[in-house]
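Scroll down for the structure; my scribbles are underneath it.
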């Protein structure tokens, strides 16, 4: 994880060096040539090291390499009058390339642009969850807007350092990064119940909870679902249990399923707190408090399929009381 974060940070070094060299003093063709060559060399080193040590090359690294390679060819091969356009607008062009890098991949069904950051910060077990993709799609469009504002600042400011470096950096550090850090937690808190549920509706141990989950099963929400959900809960009050959903019915038993659709591994006390909403389910999963393998869509849907067992008991008791009263 630390190595991923280090390589995420170093991926920006080639363009930072390029921007500094290109904009020192009066911008001219000689400076642009030096800046692109130095930047391209650093980008190639970054690419090689990322491939070797983290086994992954991000969109950002490809975008920076492509931009610097194209810029190098532009300032060395194009006529002087055409090269001058790159010299005068190199930073604005960089921001525009980043806007396209942010937008194009997900428009063609590839991973969102912000995966470049998220996959180097968020644990791998959370990558397959629907929330992870939705959050990153939202952040990708957000960053497209941030980068477009940076492009406009540089373009309208005619490439001057104040408009190409200072203002965009202030926008990125003051708006972009804080929102990116805050938004995943905000999204997950809105998706799940923020207040703990009534603990009296739940049994005292996670084992009892799982075995009683069929009492709160919602066949309408399940539809034609056919699934075996394996629970592997460690610690006091835990155990191995299986929930089987088939033909609009749910049964629970102790033991293991041969081929579970979804496997949930958790300390027993953590799963009990997750079920009671004492801790946010989405944040608990992303932070590694419990693990899941298999159908991540089913993991998200558990709260729709099952209600607290105590609710079913209360409803059943109310119906029975009404029947007796009518008799």
- prompt: How many residues does the range 236-283 hold that are at positive phi and within 25 Å of the chain's Cα centre (by Cα)?
  reply: 1
Hey, residue 49 surrounded by fewer than 21 Cβ atoms within 10 Å (Cβ to Cβ), within 21 Å of residue 149 (Cα to Cα) and within 28 Å of the chain's Cα centre (by Cα) or not: no
- request: Report yes if residue 272 is surrounded by 13 or more Cβ atoms within 10 Å (Cβ to Cβ), under 23 Å from residue 295 (Cβ atoms), modelled with pLDDT of 90 or more and touching a strand residue (DSSP E or B) at 6+ places or on another chain (Cβ under 6 Å), otherwise no.
  value: no
When residues of the range 158-186 are limited to those that are part of a helix (DSSP H, G or I) and touching a residue at least 60 places away in the same chain (Cβ under 8 Å), the one nearest to residue 130 (Cα to Cα): 184
Considering residues of the range 90-119 that are assigned to a loop (DSSP other than H, G, I, E, B) and surrounded by 20 or more Cβ atoms within 10 Å (Cβ to Cβ) only, the residue modelled with the lowest pLDDT: 119
message: Name the residue that is modelled with the lowest pLDDT, counting only residues in the range 275-297 that are surrounded by fewer than 17 Cβ atoms within 10 Å (Cβ to Cβ) and assigned to a helix (DSSP H, G or I).
response: 283
message: Being modelled with pLDDT of 80 or more and assigned to a helix (DSSP H, G or I) is the filter here; which residues of the range 1-18 pass it?
response: 6, 7, 9, 10, 13, 14, 15, 16, 17, 18
- prompt: Is it fair to say residue 87 is in contact with a helix residue (DSSP H, G or I) (Cβ under 9 Å, 6 or more places away or on another chain), modelled with pLDDT under 85, crowded, with 21+ Cβ neighbours inside 10 Å and assigned to a helix (DSSP H, G or I)?
  reply: yes
query: Is there a residue being surrounded by fewer than 20 Cβ atoms within 10 Å (Cβ to Cβ), at pLDDT 85 or above and over 23 Å from the mean Cα position of the chain (by Cα) anywhere in the range 179-191?
result: no
message: residue 171 - would you say it is more than 25 Å from residue 282 (Cβ to Cβ) and under 24 Å from the mean Cα position of the chain (by Cα)?
response: yes
message: under 21 Å from residue 297 (Cα atoms), at pLDDT below 80 and in a helix (DSSP H, G or I): is that true of residue 125 in this structure?
response: yes
message: Whether any residue in the range 67-82 is under 22 Å from residue 143 (Cα atoms) and either assigned by TED's automatic domain parsing to the domain that holds residue 144 or free of Cβ contacts under 8 Å to residues at least 12 places away in the same chain (or both) is what I want to check.
response: yes
message: When you check residue 235 against the structure, is it farther than 21 Å from residue 306 by Cβ and assigned by TED's automatic domain parsing to the domain that holds residue 280, yes or no?
response: yes
field: Unique match (being buried (at least 17 other Cβ atoms within 10 Å of the Cβ), touching a residue at least 40 places away in the same chain (Cβ under 8 Å), within 28 Å of residue 183 (Cα to Cα) and not assigned by TED's automatic domain parsing to the domain that holds residue 262) among 143, 155
entry: 143
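The values are calculated or read from the model by the stated rules, or taken from the named source; none is laboratory data. Predicted model, so just to flag it, every value in this text is computed and none were measured. Here the Cβ is made from the backbone with ideal geometry for all residues, glycine too, and neighbour counts use every protein chain on show.
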